[in-house]
Amino acid sequence: MINFNLKTQLSWRDIAVRTAFILVTVAAIVWIMPRDTRFNYKVEKGTPWRHADLTAPFDFPVYKSEAMLEKERTEVLKDFKPYYIYNEETAHRQITLFRQHWSQLKEMPGSELKIIISNRLNALYGRGIIDSKEPLNGDTAQTVWRVTGETAVLFSVSQVLTPKQAYEMLTQDTMVRNYEPMLKELNLNEFIVPNLIYDSIHSLTARDELIRSIAPSSKLVQRGQKIISKGDIVDDDTYQVLESFQQEYDLRHDASQDGLTLAGRALYIFILILLFTIYLGIYRKDYFDSIRSACMLYALIIIFSLLASLLVGHSLLHVFIIPFAIVPIFVRVFMDSRTAFMAHVTVILICASILQYPLDFIAVETVGGIAVIFSLRELSSRSQLFWTAAIFVVATMATRFALYLIQRGDLDTFDPSDYTYLFICGVIVFCAYPLLYVIEKTFGFVSDITLVELSNTNKEILRRMSEEAPGTFNHSIQVGNLAAEIARKIDANAQLVRTGALYHDIGKIQNPIYFTENQSGGISPHEHLSYIESAQIIIGHVTEGLKLADKYHLPRQIRDLITTHHGQGKAKYFYIKYKNEHPDEPVDDLLFTYPGPNPFTKEQAILMMADAVEAASRSLPDYTEQTIRQLVDRIIDSQVQDGFFRECPITFRDIQYSKTVLIEKLKTIYHTRISYPEEKK
């Protein structure tokens, strides 16, 4: 049963590390997410609607377009009647000035012309003289308001004269023309001034009232009403509805909503990251023990959240083009399937929070991630990544098409653009192969592909071992076969332990003749050395192996297998020999002890068991099931009693399975051959 009392299991350091991962991840994702929560759809007339079905979240009016409003303004202003103030004093004043001017002229005959002009001026002012007809837009059929005191009456614009028109009418009068020679001295144009003054205040007020009478909207869209469906063509009417929705959406948006939205996102992301962290703490605590493993998991979450935020925030390509399947691929290759699924779901749910309609996205990407995890049990060749990408494309396209049929139920509005993005995404997933190398070097992992490459016996160090220490080389191959069989039986990494077995004794290359498997003719150089010296040479193959591993840049996991395949055991042959010959002397055990450490992973424990059993099996006098079983039980039970497996996650059940595999494999290797009879002559 799982113990959920994490407080009793975690130290303060563990709690601090987990808290730091949570807070840093949440802060980074919230910071990179788009701040603009306004309407952010790209709308183009005459093109299909590429987003999900859009339904009105609230009631809003459909505003008229500017062209429509301009047309209505033109129509309504046809009824506009400007106001002009009629000044009754102007006529009396100007006629008086004319008469005064007349009296100053000495050579003017009689008063007949003076009376005629005065009467004509009075008639002209009675019709009305205005500055200009510009406010009337040249429409002579229009009527205007003439305001006299508190009274306003309508009159036709055709009756109104400009000063120029009034002067021409006066001078063209039949009776006045008889006195044409005298008119030049009278300067009649000085006595013709406007007596109708445009009233801009009342006119503009009346004009604004007419314009305000125009309704800004043509209809009302109710909450829950579908605005447009995916694949529909955006015509003029729909475009105006979408534009109105955007205006209303922005009007309802304010700064307080930004703060609440940000707080909601932070809380949502915090919950997801917290649950993911709790999962790691309960089921995959070893990933937190390795800071690099934890960093990779949280870095992947941040990176893909950043990619989604960039695409959505800048309205770039469709979010389906982002290769989210890379997350479960990397986690599955370097860790395990369950963690790959949890990391993938966490990324998808976080990215869905910045999309307007996330249901399709969650369904498609979740199915794609599951398909990737199922198809990638192990990655040992490039072709596997190709098939994984192909399966991802098929799974996501099929899911997208199924959702389309559920939502639309017909093929009339089928839009292949989403499927194009999914295909491109599959290509990106396949081309992500070089990123595996980057992840390996950045976070210190080792993939199965790297292990397969390292197990190539044409590698320089392995070729040297086959030439300089052939016995050790053959021993390593046999240990690799035995260890791989055990690993497959108890669900460990078979490829890692097989490759590690090839390299675990590379240190023997430095002094191959001092190791039994490389000696021939029964001659041993240890005959001329003390037991302590011999023990130091035997023990030294571990440290020499580490030096060669550093020289040839072997991964950390391989170096760990080199250091732990003997753990902190002793070179027992020389240790016992020394004790037997010096029974009364104290023995410094450190002189005969390997530097260790003891195994701390299941693969290291497997290699220790396989190495010891395979080496000891060569000394059996005869190979029967009983002798092999006794040998295996004795060696592995001794390792258990010595505490070599206390620090590694291997169970007694795993150890028993390991014994069974070793016994069966050794029986097969050392099976008794029959003697062939000789033919009698």
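Residue under question is Ser218, and the condition is that it be among the hydroxyl-bearing types (Ser, Thr, Tyr), over 26 Å from Ser353 (Cβ atoms), in contact with a strand residue (DSSP E or B) (Cβ under 6 Å, 6 or more places away or on another chain) and not in a helix (DSSP H, G or I); does it hold? Criteria met by Ser218. Among the residues here, Val347 does not qualify as touching a His at 6+ places or on another chain (Cβ under 7 Å) and either crowded, with 19+ Cβ neighbours inside 10 Å or closer than 16 Å to Tyr419 by Cα (or both).
Which condition breaks for Ile523 when tested against (1) aliphatic (A, V, I, L, M); (2) open to solvent by 90 Å² or more (accessible area, probe 1.4 Å); (3) in a helix (DSSP H, G or I)? All conditions pass for Ile523, except number (3). The condition of being in a helix (DSSP H, G or I) and modelled with pLDDT of 90 or more holds for only one of Leu311, Leu272, that being Leu272. Among helices (runs of 4 or more DSSP H) lying entirely in segment 1-111, which contain 3 or more residues that are farther than 30 Å from Leu242 by Cα, modelled with pLDDT of 75 or more and open to solvent by 60 Å² or more (accessible area, probe 1.4 Å)? Filter on segment 1-111 gives 12-32, 88-104. The lone criterion from (1) farther than 23 Å from Trp31 by Cβ; (2) modelled with pLDDT under 80; (3) of a type in the set (A, V, I, L, M) left unmet by Leu316 is number (1).
Given the criteria farther than 27 Å from Lys602 by Cα, touching a residue at least 60 places away in the same chain (Cβ under 8 Å) and open to solvent by less than 40 Å² (accessible area, probe 1.4 Å), does Ser305 qualify? So Ser305 fits the description; yes.
Ile273 satisfies every condition listed in (1) exposed (fewer than 12 other Cβ atoms within 10 Å of the Cβ); (2) over 30 Å from Ala152 (Cβ atoms) except (1).
Screening Gly259, Gly224, Gly264 for residues that are at pLDDT below 80, small (Gly, Ala, Ser) and under 28 Å from the mean Cα position of the chain (by Cα) leaves exactly one candidate, Gly259.
Can you spot a residue in segment 285-293 that is within 22 Å of Ile15 (Cα to Cα), open to solvent by 30 Å² or more (accessible area, probe 1.4 Å), modelled with pLDDT under 90 and not in a helix (DSSP H, G or I)? The answer is yes; a qualifying residue exists. Within the set Val160, Val144, the sole residue that is within 15 Å of Ser203 (Cα to Cα), of a type outside the set (D, E, K, R) and modelled with pLDDT of 80 or more turns out to be Val144.
Scanning segment 569-591 for residues that are in contact (Cβ under 8 Å) with a residue 24 or more places away in the chain and over 17 Å from Leu529 (Cα atoms), we see that the one that is most open to solvent (accessible area, probe 1.4 Å) is Lys570.
In summary, Val446 fulfils each of the numbered conditions (1) loosely packed, with under 15 Cβ neighbours inside 10 Å; (2) over 16 Å from Val327 (Cβ atoms) with the single exception of condition (1).
The values are calculated or read from the model by the stated rules, or taken from the named source; none is laboratory data. From a predicted model like this one, the values you see are computed outputs, not experimental measurements. Counting neighbours? That spans all protein chains shown, and the Cβs are built from the backbone with ideal geometry, glycine included. Quick note on the areas: whole protein, heavy atoms, side chains included, nothing else; ligands and nucleic acids left out. Shrake-Rupley method; radii C 1.70, N 1.55, O 1.52, S 1.80 Å.
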